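Novice: I am attaching a structure below and will ask some questions about it afterwards.
Every read-out reported here was derived from the displayed coordinates using simple, explicitly stated rules and does not represent laboratory data. Since the structure is predicted, the reported quantities are computational estimates derived from the model, not experimental observations. Using ideal geometry, Cβ is built from the backbone for each residue, glycine included, and neighbour counts are taken over all protein chains shown.
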């Protein structure tokens, strides 16, 4: 693979012991142990232990210099163009308007949240503004109760205190184990949640939010956009949210300047949805049709 320069195009999948197959029917005789929950991942064989499988993934990632189980794209845009107040964001899917991003910046009635829950996309994002853990957790409970198989991302925008993730996970009503809990199990050494991604957006330079299924993103609100040196100084974080109060034309010019080196700087997202969509088509044209 490496000799032929194919390492950038490779995909690796765990072996699955699917219902109706020969291996499933004769698993006991062969000595194959598999997970009883979808996607029915092979756990071990007489000659290949669980530790061997995890080590094989690690060795392949190191040798190929790629992430075989990558994290989702950093797309945490939440502001509609030319709007002075936050609203939910929708997209048309098969002729139906579905909510892709929910902005919880003010209290909402249970009736309104239940109505929203019936129109959520898969996956979806919930942006939590301010410090309202009780109200926010109730919304998460309503959303996940109505969508028990749908993964989601919870984005904390400048919380007053560091969020207690255990409180939010306890509010989640996903059907467990979720498909992603099993499919992405090798993402971390220990099994557990893989269906809820947490992203903290704050101005802390130091790493304060480092655990499984968590990202810490620097909140850039300055009117002056960062230099390459400044971007490099933030490379220890999981990305930067460009929320600068400047004109769209300035942001587009800055995108054009840094696009040639996008692979060498921290991941960047833009708070304005139209500017973020432009960035996605510039940096990942094969992945996005906006």
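Novice: In whole Å, largest first, what are the principal axis extents of the Cα atoms in the range 149-224?
Specialist: 44, 24, 19
Novice: Something else about it: In whole angstrom, how long is each semi-axis of the equivalent ellipsoid of the chain, when you take the square root of 5 times every eigenvalue of its Cα gyration tensor and sort them from largest down?
Specialist: 35, 26, 18
Novice: Against the empirical 2.2 N^0.38 Å scaling, what ratio does the C-alpha Rg of the range 195-290 come to?
Specialist: 1.07
Novice: Can you give me the Kirkwood hydrodynamic radius for the range 95-175, using every pair of distinct Cα atoms, in Å to one decimal?
Specialist: After inverting the mean inverse Cα-Cα distance, the result is 12.7 Å.
Novice: Express in nm, to one decimal, how much length is gained between residue 227 and residue 92 on full extension, taking 0.36 nm for each residue of separation and deducting their alpha carbon distance.
Specialist: Full extension from residue 227 to residue 92 adds 44.9 nm.
Novice: Hey, what D do you get for the range 202-248 in µm²/s if you plug the Kirkwood alpha-carbon radius into Stokes-Einstein at 25 °C and 0.890 mPa s?
Specialist: After rounding, the answer is 214 µm²/s.
Novice: Taking the DSSP beta bridges in the chain as the whole, what percent of them are antiparallel, to the nearest 5?
Specialist: Bridges in the chain that DSSP calls antiparallel: roughly 25 percent.
Novice: Considering Cα pairs under 8 angstrom that are at least six residues apart, work out the relative contact order of the chain and quote it in whole percent.
Specialist: With pairs under 8 Å counted, the relative contact order is 13 percent.
Novice: Which values, in whole Å and largest first, are the semi-axes of the equivalent ellipsoid of the range 82-127 obtained as the square root of 5 times each eigenvalue of the Cα gyration tensor?
Specialist: Taking √(5λ) for each Cα gyration eigenvalue gives 18, 14, 9 Å.
Novice: Quick one: angle between helix 133-146 and the longest Cα principal axis of the chain, in degrees between 0 and 90, rounded to 10, please.
Specialist: So the inclination is approximately 50 degrees.
Novice: Tilt of helix 50-64 relative to the longest C-alpha principal axis of the chain, in degrees (0 to 90, nearest 10)?
Specialist: Once rounded, one gets 50 degrees.
Novice: What whole-number volume per residue, in cubic angstrom, does the convex hull of the C-alpha atoms of the range 124-279 give?
Specialist: 131
Novice: A further question on this structure: Treat the count of other C-beta atoms within 10 Å as a stand-in for reagent exposure and order 132, 190 from fewest to most.
Specialist: Ranked by crowding around the Cβ, least crowded first: 190, 132.
Novice: So how long is each side of the range 7-64 along the principal axes, counting just the alpha-carbon atoms, biggest first, in Å?
Specialist: Sorted from largest, the Cα extents of the range 7-64 read 36, 22, 17 Å.
Novice: Hey, another quick one. Write down, largest first, the equivalent ellipsoid semi-axes of the range 33-150 in whole Å, where each equals the square root of 5 times an eigenvalue of the alpha-carbon gyration tensor.
Specialist: 38, 19, 15
Novice: Order of 154, 208, 273 from fewest to most other C-beta atoms within 10 Å?
Specialist: Going from sparsest to densest Cβ surroundings: 208, 273, 154.
Novice: Which of these, 59, 195, 139, has the largest mean-square fluctuation under a Gaussian network model of the chain (Cα springs below 10 Å)?
Specialist: 59
Novice: If the elastic network links every pair of Cα atoms under 10 Å, which of 275, 140, 66 fluctuates the most in the Gaussian network model of the chain?
Specialist: The residue that fluctuates most here is 66.
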